[in-house]
């Protein structure tokens, strides 16, 4: 069964550095998403992407963040100048339509 | 704003039924979802229900929706040790675009 994959599974970075989190959505899906879950807190929506552009973003998704679909298969989340509070599990999701979202296993980002 | 709440912990004995409860605030919710998260894994879509339905059954899973009380439940029949996980309730509202709002998750422990 096709699934969403994410790399790396764990990323450690120093405060102020840039990180890129990578996702490979399910191949025939058209909608792509990023969510994050700070330890002990709820899963929070960051951004959705459709037709090569951002379709929706939350208040969390400020100028520090950007997303890109650099080729036909990858979907990336870039975090510039990371802060301690960016430490979280980041989940990518994809969907064929607007009803079901399929999540990847997540990337644990640790900012030191 | 939209809010989804769940009790945080539930313990049951193997073979018993588990009932995980969820409440939501947004009356415009159109779809309500249950996701399962096993340790170290992503969010696995279990089932979802459209707001014009009262019940949905899928093998051992039964979803009940009380729109008047804004209450959603997930019943797992004949609970097994492999059902031990965190279960997340999520809603997608009519005005919420493509993003989901998640509850905090209920940690289900199945005792032998």
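The values are calculated or read from the model by the stated rules, or taken from the named source; none is laboratory data. What you see is a predicted model, and the numbers here were worked out from it, not measured in a lab. Here the Cβ is made from the backbone with ideal geometry for all residues, glycine too, and neighbour counts use every protein chain on show.
Things worth noting here:
- Strands (runs of 3 or more DSSP E) (entirely within the range A:1-47) containing at least 1 residues that are within 14 Å of chain B (Cβ to nearest Cβ) and surrounded by 14 or more Cβ atoms within 10 Å (Cβ to Cβ): A:5-7, A:19-24, A:31-37
- Residue in the range B:89-101 that is under 30 Å from residue A:10 (Cβ atoms) and either touching a helix residue (DSSP H, G or I) at 6+ places or on another chain (Cβ under 7 Å) or without any contact (Cβ under 8 Å) to a residue 40 or more places away in the chain (or both) present: yes
- Conditions (1) buried (at least 16 other Cβ atoms within 10 Å of the Cβ); (2) over 11 Å from the mean Cα position of the chain (by Cα); (3) under 30 Å from residue A:5 (Cα atoms); number of the one not met by residue B:18: (3)
- Residue among A:24, A:111 that alone is in contact with a helix residue (DSSP H, G or I) (Cβ under 6 Å, 6 or more places away or on another chain) and more than 24 Å from residue B:47 (Cβ to Cβ): A:111
- Filter pass, residue A:60 being within 15 Å of the chain's Cα centre (by Cα), at pLDDT below 95, part of a loop (DSSP other than H, G, I, E, B) and more than 9 Å from chain B (Cβ to nearest Cβ): yes
- Among residues of the range A:64-103 being part of a loop (DSSP other than H, G, I, E, B) and modelled with pLDDT of 95 or more, the one that is nearest to the other protein chains (Cβ to nearest Cβ) is A:87.
- Number of positions in the range B:47-66 that are under 14 Å from residue B:76 (Cα atoms) and more than 11 Å from every other protein chain (Cβ to nearest Cβ): 10
- Residues in the range B:1-60 that are under 24 Å from residue A:97 (Cα atoms) and out of contact with any strand residue (DSSP E or B) (no Cβ under 8 Å at 6 or more places or on another chain): B:27, B:41, B:52.
- Total residues in the range B:67-108 satisfying the condition of being more than 14 Å from chain A (Cβ to nearest Cβ) and touching a strand residue (DSSP E or B) at 6+ places or on another chain (Cβ under 9 Å): the figure is 17.
- Which listed residue, of B:111, B:8, is farther than 28 Å from residue A:5 by Cβ, within 12 Å of chain A (Cβ to nearest Cβ) and surrounded by fewer than 17 Cβ atoms within 10 Å (Cβ to Cβ): B:8
- Scanning the range A:81-112 for residues that are without any contact (Cβ under 8 Å) to a residue 60 or more places away in the chain and over 26 Å from residue B:51 (Cα atoms) yields A:85, A:86, A:87, A:88, A:89.
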